[in-house]
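J.: Structure below; questions to follow.
The values are calculated or read from the model by the stated rules, or taken from the named source; none is laboratory data. Just so we're clear, the structure is a prediction, and the values are computed from it rather than from any experiment. Cβ atoms come from the backbone with ideal geometry, glycine included; neighbour counts cover every protein chain shown. Just the protein is used for accessible areas: all its heavy atoms, side chains included, with ligands, DNA and RNA removed. Shrake-Rupley method; radii C 1.70, N 1.55, O 1.52, S 1.80 Å.
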Amino acid sequence: MNTIGDFLDAMLLRGGHNTVLVVIGTALLGIAGGVAGSFALLRKRSLFADALGHSTLPGVCVAFLVAEHFGHAGRSLPILLVGAACAAIVATALVQAILRFTRLHEDAAIGVVLSVLFGLGVVLLSIIQTLPSGDAGGLKSFLFGQTAAMQQRDAALLAAIAFGTSVTAFVFLKELALVAFDEGFARSSGVSAGLFDVLLLLLVVAVTVAGLQAVGLILVIAILIIPPVAARLWTDRLRRFVPLAALFGGISGWVGASISSLAPRQPAGAVIVLTAASIFLVSLIIAPRGVLPAAWRRLRLAFRIANDHVLKALLSGPRSTAHLARSLGGRVTTTAMLVRLLAARGFLRGDRSGWSLTPRGIAAGGAIARNHRLWAAYLVRDAALAPDHVDPSAEAIEHILNPELIQELERTLASEGELA
Amino acid sequence: MPHNVDVQLPAEHSRKSPLSVHAMTVAYHRKPVLWDVEYDAPEHSLIAIVGPNGAGKSTLMKACLGLVPMAAGHVAFWGQALADARGRIGYVPQRESVDWEFPVSALDVVCMGRYRAIGWFRGVSREHRDAALACLDQVGMAQFRDRQIAQLSGGQQQRVFLARALAQDADLYFMDEPFAGVDAATEKAIVDVLRMLKSKGRTVICVHHDLQTVPEYFDAVLMLNLRVVAAGPVGDVFTRENLQKTYGGRLTLLDAASHAVARAAAEGPNPR
């Protein structure tokens, strides 16, 4: 069996009619999840979205029972989705009621509603299984998702929801963002926070209900949370954040559905979630706000500070590497490397008396010494520090003074003739 | 255009007053935080609301703006209901009330002040963006326009909030502790803006904590402690006796208060 070939076929939409349908449908679901989830994340309602997902189970079961009772086929998707949507609305109302009439906080209210409704759903599910007509196998696929069961109608529904979610988010971008950022200001300027919270809720419910079949109600929260969280690591601008979350969601759906098409009996939701998690993990490491760039920035700062120390030490005359290492308190090997790098960049030259500064090195060292003096003078004058206490502080700050701050210091000190 | 709907207020309230509060009572969880507040804000003035912690200063603002429900009472702006006057009212919430990690730049935040003028279904056009930038420039923050707001200092964040209020181009401003925890440069920038607004005939109402600067910065004062203790021109009502009533004998605060009163007496009544 050529697994990789099959996977590529699925990815490239050559995997047969049904696979194409599933891959496209799930990708669209991912896009909708990324968009709706972005605003849920900004409004700090991600956990609430989770409660909605779990609480759809009793809705689905009740819809099934009601449909069977009236002689319809219980496992008809539209009926079940209506049931799910109703349950989500009931869950919202319950959370709001708890918040209103008790002194519980939102997290506790969500926890209560989520677990109780899910428990109710599990009980109903076991009752359905004992019924003669109980095609519970079909319902069970809603727990973890089964993309293979997706039909053309379902894919069209997902397309409609993805389109509707994206358009709504685009049209109301500024209001949704304003309410999420500063509810008080929004309301004071006539933007109804309640209205846009309901709109956000509808978006989340739409994605949750649409995602029941593909990723299942337990994991549907993942496509609402993980893509936006990953996108947040890449940008701190709203205009890039929302499209990026949509992109990550789309990729998760696309790749995840392609993988799970190889093993149609596997729960598709889990595979899609793991795909999204991989995107998150990679982002966490390499994205601009991730771990690696932060470590790199720290390393560069440490390197610059070490360089500054070497240049400053050499201002007072040539030194040997060993001497430098001693006076700077570093290892000889590290110091030797630093010195060689500085020499290669034309700041130092070495001869028998040790290392000395080139004209370029003198200029650079002079600038550092001057920053040190500026800061020290400022501390003595404005922070009322005793002159003999100033040095350690100036030592720490002289390396990170930015041009803005240096100009400011120059202005304040020059105006009082304290600048030599 | 807003249609003129008059709010039912007793005759002693002036229709010219930018803010008239009548019999306002507010309660949180049945605990009253404001009792029967009566107040008429003077036109074209800088007004400080002072009072101890928990006196209901922020609550008064929020109730006026419809952000917390009133248990009883009426509020009118130039004799009109809030819904009809909203376009003429600006608001600077407390800086701690928002999450500064939000993915927007300083200029994006100021643009929020233009949303009302922009209207629904539209993005921020260049014209509105330029207007917002001019407001950012007024508070000396134009060079930080593209900075993500978490990367600004507390004082700079406060100035961004102030610029957003300027972008609203309102006639009446509510500012909730604009001077709290700001640096000297920001304090000066805020004072400059307040004076500029006054010179244009606008009214600004600030929750203010620093009693020392009340006579210097403000024309009028509203002294609040669950109810209105005193209200009027700083020179008339900002007295030792009223401060004592407002702060109820807390020694540390009284100390600060008596300093302020002494200074106010030395400088004479605030020039109008």
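J.: Given N residues in region A:218-317, what is its alpha carbon radius of gyration divided by 2.2 N^0.38 Å?
T.: 1.63
J.: Show me you know the interface measure: the accessible area buried between B and A, both chains summed, probe 1.4 Å, in Å² to the nearest 100.
T.: 2800 Å²
J.: To the nearest 20 Debye, how big is the dipole of chain B about its Cα centre, given +1 on the beta carbon of each Lys and Arg and -1 on that of each Asp and Glu?
T.: Using Cβ point charges on Lys, Arg, Asp and Glu, chain B gives about 340 debye.
J.: Here's something else I'd like to know. At 0.36 nm per residue, minus the direct Cα-Cα distance, what do residue B:99 and residue B:150 gain on full extension? Give it in nm, one decimal, please.
T.: Full-extension gain reported as 17.5 nm.
J.: What Rg and what Dmax come out for the protein assembly as shown when only alpha-carbon atoms are used, in angstroms?
T.: Considering the protein assembly as shown through its Cα atoms, Rg and Dmax are 32.0, 101 Å.
J.: Within the protein assembly as shown, what percent of beta bridges assigned by DSSP are antiparallel, to the nearest 5?
T.: In the protein assembly as shown, approximately 60 percent of DSSP beta bridges are antiparallel ones.
J.: At 1.4 Å probe size, with every protein chain present, just tell me what the per residue accessible area of the protein assembly as shown comes to in Å².
T.: So the protein assembly as shown comes to 46 Å² accessible per residue, rounded to a whole number.
J.: How high is the relative contact order of chain A, in percent, counting Cα pairs under 8 Å that sit 6 or more residues apart?
T.: Answer for chain A is 19 percent.
J.: Could you list, bin by bin from short to long, the percent of Cα-Cα pairs of region B:44-85 in 5 Å steps?
T.: 5, 19, 23, 25, 19, 7, 1
J.: By a straight-distance test (C-alpha under 28 Å), which lysines pair with residue B:188 as possible cross-link partners, with residues fewer than eight away in the same chain excluded?
T.: B:57, B:62, B:198, B:200
J.: Same structure, new question: Which parts of region B:95-123, residue by residue, lose 50 Å² or more of accessible area when the rest of the protein chains are there, as against the chain isolated (1.4 Å probe)?
T.: Checking the loss per residue gives B:102, B:103, B:112, B:115, B:120, B:121.
J.: Magnitude of the Cβ-charge dipole of chain A, K/R +1 and D/E -1, about the Cα centre, nearest 20 debye?
T.: 1180 debye
J.: Okay, next question. Ignoring ligands, DNA and RNA, what percent of the accessible area of the protein assembly as shown is carbon or sulfur (1.4 Å)?
T.: Details: 19490 of 32000 Å².
On the protein assembly as shown, the fraction of accessible area on carbon and sulfur atoms equals 61 percent.
J.: Further, regarding this structure: Run the helix sum for chain A: -39,500 (n - 2.57) per DSSP H stretch of 4+ residues, divided by residue count, reported at 222 nm to the nearest 500 deg cm²/dmol. Could the numbers behind the result be given before it?
T.: Working: 19 runs with 324 residues, N = 420.
So the calculated ellipticity at 222 nm is -26000 deg cm²/dmol.
J.: Can you find, among A:209, A:191, A:233, the residue sitting farthest towards the positive end of the charge dipole of region A:151-239, where Lys and Arg contribute +1 and Asp and Glu -1 at Cβ?
T.: A:233
J.: Still on this structure, I have one more. About the Cα centre of region B:143-219, how large is the charge dipole given +1 on each Lys and Arg Cβ and -1 on each Asp and Glu Cβ? Please answer in debye to the nearest 20.
T.: Dipole magnitude for region B:143-219 comes out near 300 debye.
J.: Rg to Rh for region B:1-139: what is it, with Cα atoms only and Rh by Kirkwood?
T.: On the Cα set of region B:1-139, Rg over Rh gives 1.01.
J.: Another question about this same structure. Take every Cα-Cα distance within region B:121-228, group them into 10 Å bins from 0 onward, and report for each bin the whole-number percent of pairs it holds.
T.: 13, 44, 31, 10, 2
J.: Looking at chain B from every direction and averaging, what is the projected area of its Cα convex hull in nm²? It would help to have the intermediate numbers written out before the result.
T.: Working: hull surface 60.6 nm².
For the Cα atoms of chain B, the hull's average projected area reads 15.2 nm².
J.: Could you check the simple spin-label distance between residue A:370 and residue A:192, using points 7 Å along Cα→Cβ, in nm with one decimal?
T.: Once both label points are built, they end up 6.2 nm from each other.
J.: Let me ask you something else. Taking 0.36 nm per residue of separation and subtracting the Cα-Cα distance, what length does fully extending residue B:117 through residue B:199 add?
T.: 27.2 nm
J.: Right, here's the next one. Taking only the alpha-carbon positions of region A:92-248 and ignoring solvent, what does the Debye formula give for the base-10 log of I(q)/I(0) at q = 0.17, 0.18 Å⁻¹?
T.: Per q value, in the given order, log10 I(q)/I(0) is -1.25, -1.32.
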